[in-house]
Amino acid sequence: MTSILRIETSIKGEASVSRKLTDRIVARLTDATPGARVTVRDLSAGVPQIDGAWIGAVYTPAEARTADQDRIAAYSDALLDEVKAADVLVIALPVYNFGLPAQLKSWIDHLARKGETFRYTEKGPEGLLTGKRAIVALSSDGTKMGSEIDFASGYLRHMLGFFGIADVEFIAADRMVFDPEATLKAAEAEVDRLAA
Ligand SMILES: Cc1cc2nc3c(=O)[nH]c(=O)nc-3n(C[C@H](O)[C@H](O)[C@H](O)COP(=O)(O)O)c2cc1C
């Protein structure tokens, strides 16, 4: 059974553009693959930042962890297990201050665990989450995707690739401020053309 993991990140609630696009992407995928399982992880309320206690917890073998470390590792493991179980990731990427929303960056920080999502070999780093597809819904007011002031899409593509996810497509409703209706319409049409 196909498993879809939907990652929401916008702080704009019902007004979110990226959420409109992820809605449509998930509908497109589930229409094409009835029975697909959809898991939603809404990060919009925030994700605890990694810190020293986090490093201590996730790199201590499970049987040697304290109760506190168990609790910290359990949250990180839950994020990781969802990604491992997914065939397709649908990720909302609102551009905030020319980069990723902090909660999406924190999600990535939780996932970036040596031996879980990547490892180092003699040939360099190797991603361990292979065989997955990612579809990213980017929205912005003025920042053009791929321009020199877009520090969001390239970074996210790099990190997904670092984890072994090379099949990454972007749907962009970027520069919404100029013609919001036409921009959203064009992005929605792109969603409808996605290979399911
Ligand atoms: C905190 C914040 C920072 C933003 N920074 C940028 C920015 O750097 N560049 C840009 O083009 N738009 C910026 N915007 C506008 C958002 O990208 C735009 O509202 C977009 O629709 C966000 O996606 P969302 O509607 O899914 O939240 C910002 C919006 C917020 C709330």
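I'm checking my understanding of the structure. Among residues of segment 18-31 that are open to solvent by 20 Å² or more (accessible area, probe 1.4 Å) and near the ligand (Cβ under 9 Å from one of its atoms), which one is nearest to residue 93 (Cα to Cα)?
So in segment 18-31, the residues open to solvent by 20 Å² or more (accessible area, probe 1.4 Å) come out as 19-20, 23-24, 27-28, 30-31.
In the following step, the residues that additionally are near the ligand (Cβ under 9 Å from one of its atoms) were identified as 19-20.
Numbers: 19: 9, 20: 12 Å.
Taking the candidates together, the pick is 19.
Could you tell me how many of the residues in segment 101-136 are touching a Pro at 6+ places or on another chain (Cβ under 9 Å) and within 16 Å of the ligand (Cβ to nearest atom)? First the steps, then the outcome.
Going residue by residue through segment 101-136, those that are touching a Pro at 6+ places or on another chain (Cβ under 9 Å) are 101, 104, 106, 110, 118-119.
If we keep only those that are within 16 Å of the ligand (Cβ to nearest atom) too, we end up with 101, 104, 106.
So the answer is 3.
Tell me the residue from 75, 155 that is surrounded by 13 or more Cβ atoms within 10 Å (Cβ to Cβ), under 29 Å from residue 183 (Cα atoms) and of a type in the set (Ser, Thr, Tyr), please.
Numbers: 75 fails: under 29 Å from residue 183 (Cα atoms).
The match here is 155.
Output the residues belonging to segment 118-141 that are out of contact with any strand residue (DSSP E or B) (no Cβ under 7 Å at 6 or more places or on another chain) and crowded, with 19+ Cβ neighbours inside 10 Å.
129, 140
Here is a list: 114, 105, 84, 123. Which entry is in contact with an Asp or Glu (Cβ under 9 Å, 6 or more places away or on another chain) and not aliphatic (A, V, I, L, M)?
On the way: 114 fails: in contact with an Asp or Glu (Cβ under 9 Å, 6 or more places away or on another chain); 105 fails: in contact with an Asp or Glu (Cβ under 9 Å, 6 or more places away or on another chain); 123 fails: in contact with an Asp or Glu (Cβ under 9 Å, 6 or more places away or on another chain).
Every option except 84 fails the conditions.
Under 8 Å by Cβ, and 6 or more places apart or on different chains, what pairs join a residue from segment 57-75 that is under 18 Å from residue 41 (Cβ atoms) with one that is open to solvent by 50 Å² or more (accessible area, probe 1.4 Å) and not small (Gly, Ala, Ser)?
Between residues of segment 57-75 that are under 18 Å from residue 41 (Cβ atoms) and residues that are open to solvent by 50 Å² or more (accessible area, probe 1.4 Å) and not small (Gly, Ala, Ser), the close pairs are 75/48.
Quick grid of which residues meet (1) in contact with a helix residue (DSSP H, G or I) (Cβ under 6 Å, 6 or more places away or on another chain); (2) in a helix (DSSP H, G or I); (3) within 25 Å of residue 151 (Cα to Cα):
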{"position": "20", "(1), (2), (3)": "no, yes, yes"}
{"position": "23", "(1), (2), (3)": "no, yes, yes"}
{"position": "27", "(1), (2), (3)": "no, yes, no"}
{"position": "34", "(1), (2), (3)": "no, no, no"}
{"position": "48", "(1), (2), (3)": "no, no, yes"}
{"position": "71", "(1), (2), (3)": "no, yes, no"}
{"position": "79", "(1), (2), (3)": "yes, yes, yes"}
{"position": "82", "(1), (2), (3)": "no, yes, no"}
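Going by what's in this entry, would residue 13 be described as at positive phi, surrounded by fewer than 19 Cβ atoms within 10 Å (Cβ to Cβ) and either modelled with pLDDT of 95 or more or not β-branched (Val, Ile, Thr) (or both)?
Considered against the rule, which asks whether it is at positive phi, surrounded by fewer than 19 Cβ atoms within 10 Å (Cβ to Cβ) and either modelled with pLDDT of 95 or more or not β-branched (Val, Ile, Thr) (or both), residue 13 comes out as yes.
Which residues, counting only those in segment 167-196, are of a type in the set (A, V, I, L, M, F, W, C), part of a helix (DSSP H, G or I) and within 16 Å of the ligand (Cβ to nearest atom)?
182, 184, 186, 187, 191
I'd like to check which strands (runs of 3 or more DSSP E) are fully inside segment 95-166 and have at least 1 residues that are free of Cβ contacts under 8 Å to residues at least 60 places away in the same chain and among the aromatic types (Phe, Trp, Tyr).
Filter on segment 95-166 gives 118-121.
Looking only at segment 84-112, how many residues end up being among the hydroxyl-bearing types (Ser, Thr, Tyr) and touching a helix residue (DSSP H, G or I) at 6+ places or on another chain (Cβ under 9 Å)? Don't jump to the end; show me each part of the working.
First pass over segment 84-112, keeping only residues among the hydroxyl-bearing types (Ser, Thr, Tyr): 96, 106.
Next cut, touching a helix residue (DSSP H, G or I) at 6+ places or on another chain (Cβ under 9 Å) only: 96.
Count: 1.
The values are calculated or read from the model by the stated rules, or taken from the named source; none is laboratory data. Model, not experiment: these values are computed from the prediction. Positions of Cβ are backbone-derived with ideal geometry, glycine not excepted, and every protein chain shown enters the neighbour counts. Surface accessibility is based on the protein's heavy atoms, side chains included, excluding ligands, DNA and RNA. Shrake-Rupley method; radii C 1.70, N 1.55, O 1.52, S 1.80 Å.
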